[in-house]
């Protein structure tokens with residue numbers, strides 16, 4: 001059984017070409033026309049989906065053939081196509097970067113690709129780059145290219161004249177402050193921090209309309225995925241009736257909706273608290289500290305002694321705690337800013353976090369949460385601009401997909417499991433449940 005829906009996949013030759021801005025602008029344009037727009041983000045990203053969700057008015061789900069899995073990706077697109085008037089998928093990095101890449105995703109689902117190319121600092125070479133993206137892999141349905149950040153009418157003329165007859169130039173978007181969304185070191189700024197975000201998105205939608213990027217793409221047929229039903233019995237009812245407290249505020253925002261959905265399907269109740277502003281913990285059976293931006297709120301986190309004591313008491317009770325990336329930095333002893341100022345964190349485990357101007361780590365890894373036993377593997381990714389020093393002896397290290405060097409350390413102390421890795425819970429529900437009971 002299949003269902004069809006107009007769909008388009010946005011890619012680029014590299015990061016920073018304007019994929020999120022243009023995808024969001026097209027989504028907002030069609031939303032403003034009364035259409036049901038469903039947007040997906042390729043790869044493990046927390047920030048771009050928030051922008052795309054704000055633009056489209058619908059939740060945004062990650063698609064990744066490895067992390068999420070082929071069958072789950074099929075099901076997500078199939079379900080969206082049953083209701084949507086338009087499906088948009090934003091790629092990750094460059095079109096052919098990674099394994100699997102955005103090109104692999106587009107080819108697997110037969111979604112036509114529109115490549116966004118930032119035309120700054122080039123003229124006739126634009127056409128050669130467009131031709132290369134269009135012809136590098138013949139099995140991909142290539143819809144055309146969008147020229148972004150055009151500097152002038154003369155620049156647009158040069159770009160247009162450079163295009164080969166076999167590749168369509170879908171639109172030229174001129175350089176404008178209105179086409180820029182605020183960024184920081186790990187990506188775009190959270191939309192709730194931008195007071196005029198909706199006005200910005202409407203402005204981008206207007207620019208998209210003026211450029212002629214409003215025609216619905218051709219329909220693509222999607223088939224249902226074969227994924228097992230998740231119920232409390234999947235994990236022998238271990239999370240049934242359990243309450244999990246999740247840190248969620250401006251310092252802790254990196255939470256996959258799929259992870260929350262899985263915990264609820266396994267029978268858990270989810271409640272939220274703020275390490276920035278709350279003085280007590282909710283009455284819960286386990287805690288989850290996801291990643292985020294603790295480095296932007298170090299003094300407030302340091303000064304909230306009441307919640308730090310409450311977390312310490314919870315840890316001493318032996319109950320389970322999961323801390324990922326920024327959550328791990330918060331539960332360690334100190335965190336040092338780029339300016340060299342050190343702040344005291346919760347101090348549940350040894351470790352000193354140090355922010356870095358560049359470097360860090362990113363990429364997919366397997367998290368062996370039960371040592372070397374394969375049944376303990378959870379799919380995950382790393383993305384950070386810090387290092388963690390003086391830590392406990394790790395239980396294990398993440399395994400990189402195509403590199404022999406050890407990945408991120410995973411440390412365990414009492415009921416606490418801490419790592420830089422961001423876990424994708426649906427990849428191994430049984431092991432994830434063990435983190436909370």
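The values are calculated or read from the model by the stated rules, or taken from the named source; none is laboratory data. Note that the structure is predicted; figures quoted are calculated from it, not measured. Counting neighbours? That spans all protein chains shown, and the Cβs are built from the backbone with ideal geometry, glycine included.
Could you list all residues from the range 128-137 that are surrounded by 15 or more Cβ atoms within 10 Å (Cβ to Cβ), without any contact (Cβ under 8 Å) to a residue 40 or more places away in the chain and either under 21 Å from residue 16 (Cβ atoms) or touching a strand residue (DSSP E or B) at 6+ places or on another chain (Cβ under 9 Å) (or both)?
Taking the range 128-137 and keeping what is surrounded by 15 or more Cβ atoms within 10 Å (Cβ to Cβ), we get 129-131, 133-134, 137.
Now narrow it down to the ones that are without any contact (Cβ under 8 Å) to a residue 40 or more places away in the chain: 130-131, 134.
Hits for the range 128-137 are 130, 134.
When residues of the range 375-415 are filtered for being within 24 Å of residue 100 (Cβ to Cβ) and assigned to a strand (DSSP E or B), how many remain?
Number satisfying all stated conditions: 15.
Checking the conditions here, which among 268, 251, 224, 247 is more than 30 Å from residue 284 (Cβ to Cβ) and in contact (Cβ under 8 Å) with a residue 24 or more places away in the chain?
Details: 268 fails: more than 30 Å from residue 284 (Cβ to Cβ); 251 fails: more than 30 Å from residue 284 (Cβ to Cβ); 247 fails: more than 30 Å from residue 284 (Cβ to Cβ).
Result: 224 is the single residue among 268, 251, 224, 247 that is more than 30 Å from residue 284 (Cβ to Cβ) and in contact (Cβ under 8 Å) with a residue 24 or more places away in the chain.
Just the residues that are in contact (Cβ under 8 Å) with a residue 40 or more places away in the chain and in a loop (DSSP other than H, G, I, E, B), please, taken from the range 227-244.
Taking the range 227-244 first, the residues in contact (Cβ under 8 Å) with a residue 40 or more places away in the chain are 227, 230, 234-235, 238-239, 242-244.
Hits for the range 227-244 are 227, 230, 238, 239, 242.
Yes/no matrix, rows are residues, columns are (1) without any contact (Cβ under 8 Å) to a residue 40 or more places away in the chain; (2) out of contact with any strand residue (DSSP E or B) (no Cβ under 7 Å at 6 or more places or on another chain); (3) farther than 23 Å from residue 367 by Cα:
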position: 37; (1), (2), (3): no, no, yes
position: 40; (1), (2), (3): no, no, yes
position: 49; (1), (2), (3): yes, no, yes
position: 57; (1), (2), (3): yes, yes, yes
position: 65; (1), (2), (3): no, yes, no
position: 95; (1), (2), (3): no, no, yes
position: 104; (1), (2), (3): yes, yes, yes
position: 107; (1), (2), (3): yes, yes, yes
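Of the conditions (1) closer than 18 Å to residue 327 by Cβ; (2) under 20 Å from the mean Cα position of the chain (by Cα), residue 363 fails just one. Which one is it?
(1)
Please list, ordered by first then second residue, the pairs with beta carbon atoms under 6 Å, 6 or more apart or interchain, first in the range 138-152 and closer than 19 Å to residue 107 by Cα, second at pLDDT below 95.
That search, which allows pairs on different chains as well, returns nothing.
From the list 167, 223, which residue is more than 25 Å from residue 290 (Cβ to Cβ), under 26 Å from the mean Cα position of the chain (by Cα) and either surrounded by fewer than 18 Cβ atoms within 10 Å (Cβ to Cβ) or modelled with pLDDT of 95 or more (or both)?
On the way: 167 fails: under 26 Å from the mean Cα position of the chain (by Cα).
Among 167, 223, only 223 is more than 25 Å from residue 290 (Cβ to Cβ), under 26 Å from the mean Cα position of the chain (by Cα) and either surrounded by fewer than 18 Cβ atoms within 10 Å (Cβ to Cβ) or modelled with pLDDT of 95 or more (or both).
How many residues are assigned to a loop (DSSP other than H, G, I, E, B) and in contact with a helix residue (DSSP H, G or I) (Cβ under 7 Å, 6 or more places away or on another chain) if we restrict to the range 416-432? Please lay out each step first, then the result.
Initial filter on the range 416-432 (assigned to a loop (DSSP other than H, G, I, E, B)): 420-421, 424, 428.
Restricting the remaining residues to those that are in contact with a helix residue (DSSP H, G or I) (Cβ under 7 Å, 6 or more places away or on another chain) gives 420, 424.
Here the count works out to 2.
For the range 55-118, which strands (runs of 3 or more DSSP E) that fit wholly inside it have 2 or more residues that are modelled with pLDDT of 95 or more? Can you show your working first?
Details: elements: 61-63, 86-90, 113-118.
Of the strands (runs of 3 or more DSSP E) lying wholly inside the range 55-118, those with at least 2 residues that are modelled with pLDDT of 95 or more span 86-90, 113-118.
Across the range 19-43, what is the total count of residues that are surrounded by fewer than 22 Cβ atoms within 10 Å (Cβ to Cβ) and not in a helix (DSSP H, G or I)?
4
Please indicate, with yes or no, whether at least one residue in the range 224-243 is under 27 Å from residue 384 (Cα atoms), touching a strand residue (DSSP E or B) at 6+ places or on another chain (Cβ under 9 Å) and assigned by TED's automatic domain parsing to the domain that holds residue 419.
The initial filter retains those residues of the range 224-243 that are under 27 Å from residue 384 (Cα atoms), namely none.
Taking every residue of the range 224-243 in turn, none turns out to be under 27 Å from residue 384 (Cα atoms), touching a strand residue (DSSP E or B) at 6+ places or on another chain (Cβ under 9 Å) and assigned by TED's automatic domain parsing to the domain that holds residue 419.
Taking residue 142, is it under 23 Å from residue 178 (Cβ atoms), in contact with a strand residue (DSSP E or B) (Cβ under 7 Å, 6 or more places away or on another chain) and surrounded by 20 or more Cβ atoms within 10 Å (Cβ to Cβ)? Before you say what the answer is, go through the steps one by one.
Working: under 23 Å from residue 178 (Cβ atoms): no; in contact with a strand residue (DSSP E or B) (Cβ under 7 Å, 6 or more places away or on another chain): yes; surrounded by 20 or more Cβ atoms within 10 Å (Cβ to Cβ): yes.
Taking the combined requirement at face value, the residue does not satisfy it.
Please find, among 318, 312, the residue that is touching a residue at least 12 places away in the same chain (Cβ under 8 Å), surrounded by fewer than 24 Cβ atoms within 10 Å (Cβ to Cβ), in a loop (DSSP other than H, G, I, E, B) and out of contact with any helix residue (DSSP H, G or I) (no Cβ under 7 Å at 6 or more places or on another chain). Spell out the reasoning first.
Numbers: 312 fails: in a loop (DSSP other than H, G, I, E, B).
On inspection, the qualifying residue turns out to be 318.
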